[in-house]
Structure formats: C-alpha cells, structure tokens
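Trainee: Please see the structure below; I have some questions.
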Amino acid sequence: MNIAVFCASSDLVSERFKLQARSLGVWIAQNEHTLVYGGATGGLMDAVAQAVREEGGYIVGIVPQNVIDKGRKSDICDELLCVETLAERKELLKDYSDVCVVLPGGFGTFDEMFDTISSAMLGYNELQVILVNVDGYYDGILQQIRRMQEEQLGYIRTSRLCVCNSVEECVSILEKKEE
C-alpha cells in the first residue's frame, strides 16, 4: 500500500508529535508499505521518513522546485519527483497514494488534507483521509467541520474522512484496509 503522509516540516514541532510520526514510519516500513510524502527536510516530515529509512522501507518524495532551491530537499528518498508548483505536488501525492494519513501540521498540511477530501467528494479520487488528532491538535478544525454540517453548508462522507486520536488507532484502520 502506498501511504501518503501529510505533516509539518517545521523543526519547532513538539517531540510528542515526532514520536507519533516515527511510530507511523516504523509501521509503514515493517509492513512493507511505501511512504509517499512531500520530500522536504524538517519536522515530522523528517521524523516519519527517517523512521521508514531506518527500517529499510521505500520512500517516494514529491518536492516543489522552490523547496529544492531553499536547500530543504530530503536526500533519503528512493524516488524523488520534482515539480514546479504546490498544486502539482498535491496531484502527484494523490495519484501515487492509496490512502492519506494526516499528522499535525500547518497551512500546507491543512491544504493537502482539504484538497484531498474535496477532490474525493467530487469524484476525482477514491482516497480515504485518516486524520490523526494527537492530543486534540485538530479539535478546532473538527468543531468547524461539525458546524459546517449543522449549517448545511457542506458534508463529508465518513468513508472519506476518518478521525482517530493516535497512530496506534490509525494503524488499526490501515490494517483493516490491508484485508
């Protein structure tokens, strides 16, 4: 299974979030899945990718040229695809993936998550997004989604967005997809 991971690239990210990212990376590699991610250095991106690498797993990075120009391209990818824009990156992340896991992150992570959900709802892909709400990080966004649904301004099929509270719960969901 090709597993996209959307997450923070900031080096200021909390160690508790890095532990979750590493745990996911170890599981991906030990179960012979492929990590598909943004291909940049720093933060949770490094944590998940390094864990996959240390366990001998396969890594596909998809990185925009401006990230390369800033010296932030990861050197541990087995396959690295360079694109010009973030829109191209998001399209390739979706095209290369069977499922998407969202760990804590910032605007880029939010963008990747919402783009994947909205494009799936419009029929452009069949991807499920698993939102890992570590320590309630995404509580505010989840509250806004509930409000959106209550106001009948939008909907999300539960088959498209699955919320869990830890990487362990995420792994359980992923294991069911393997069956």
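The numbers here are math on the coordinates, done by the rules we state, and not lab data. For clarity, every value in this text was computed on a predicted model and none was experimentally measured. Ideal geometry is used to build each Cβ from the backbone, glycine not excepted, and the neighbour counts take in all protein chains shown.
Trainee: Where a Cα-Cα gap under 18 Å defines reach, which lysines qualify for K73, not counting those fewer than 8 residues away within the same chain?
Mentor: K90
Trainee: A follow-up question, please. Measuring from label point to label point, each 7 Å out along Cα→Cβ, what is the M148 to T85 span in nm?
Mentor: A separation of 2.2 nm, rounded to one decimal place.
Trainee: Now for a different question. What number comes out for the charge environment of G105, summing +1 per Lys or Arg and -1 per Asp or Glu over other residues with Cβ under 12 Å away?
Mentor: Details: positive: none; negative: D111, E112.
Result for the local shell: -2.
Trainee: Need one number: nm distance between label points at D135 and D111, each 7 Å from Cα along Cα→Cβ, rounded to one decimal.
Mentor: Going from the D135 label point to the D111 one covers 2.6 nm.
Trainee: Between rounded, prolate and oblate, where does region 101-179 land on the alpha carbon gyration tensor, with a ≥ b ≥ c its root eigenvalues, rounded for a/c under 1.5, else prolate if a/b exceeds b/c? Numbers along the way, then the final one.
Mentor: Values: a/c = 1.58, a/b = 1.17, b/c = 1.35.
Note, shape of region 101-179 comes out oblate.
Trainee: Going by C-beta contacts inside 10 Å, put L19, L174, L93 in order with the fewest on the left. Intermediate values should be presented prior to the final figure.
Mentor: Working: L19 13, L174 22, L93 26.
Lowest to highest Cβ neighbour count: L19, L174, L93.
Trainee: If you don't mind, another one. Counting Lys and Arg as +1 and Asp and Glu as -1, what is the net charge of the other residues whose Cβ lies under 15 Å from the Cβ of E79? Display every interim value, and only then the final one.
Mentor: Working: positive: R53, K73, R89; negative: D75, D78, D95.
Summing Lys/Arg as +1 and Asp/Glu as -1 gives 0.
Trainee: Could you work out the local net charge near S166, counting Lys and Arg as +1, Asp and Glu as -1, over the other residues with Cβ closer than 15 Å to its Cβ? It would help to have the intermediate numbers written out before the result.
Mentor: Details: positive: R16, K18, R22; negative: D135, D139, E168, E169, E175.
Net charge in that neighbourhood comes out at -2.
Trainee: Taking Cα pairs under 8 Å and at least six residues apart, what relative contact order does region 28-172 come out at, in percent? Write out the running numbers ahead of the final one.
Mentor: Values: 206 pairs, mean separation 25.1, N = 145.
Relative contact order here is 17 percent.
Trainee: Under 14 Å from a point placed 7 Å out from the Cα of L92 along the Cα-to-Cβ direction: which residues of region 1-40 have their backbone N that close?
Mentor: 36-40
Trainee: Using DSSP to call loops (not H, G, I, E or B), can you name the trypsin sites (Lys or Arg not before Pro) in region 62-137 whose Cβ has at most 14 other Cβ atoms within 10 angstrom? Please report the intermediate quantities before stating the final value.
Mentor: Working: sites: K70, R72, K73, R89, K90, K94; in loops: K70, R72.
In loop regions of region 62-137 (DSSP not H, G, I, E or B), the sparsely surrounded trypsin sites (Lys or Arg not before Pro) are K70.
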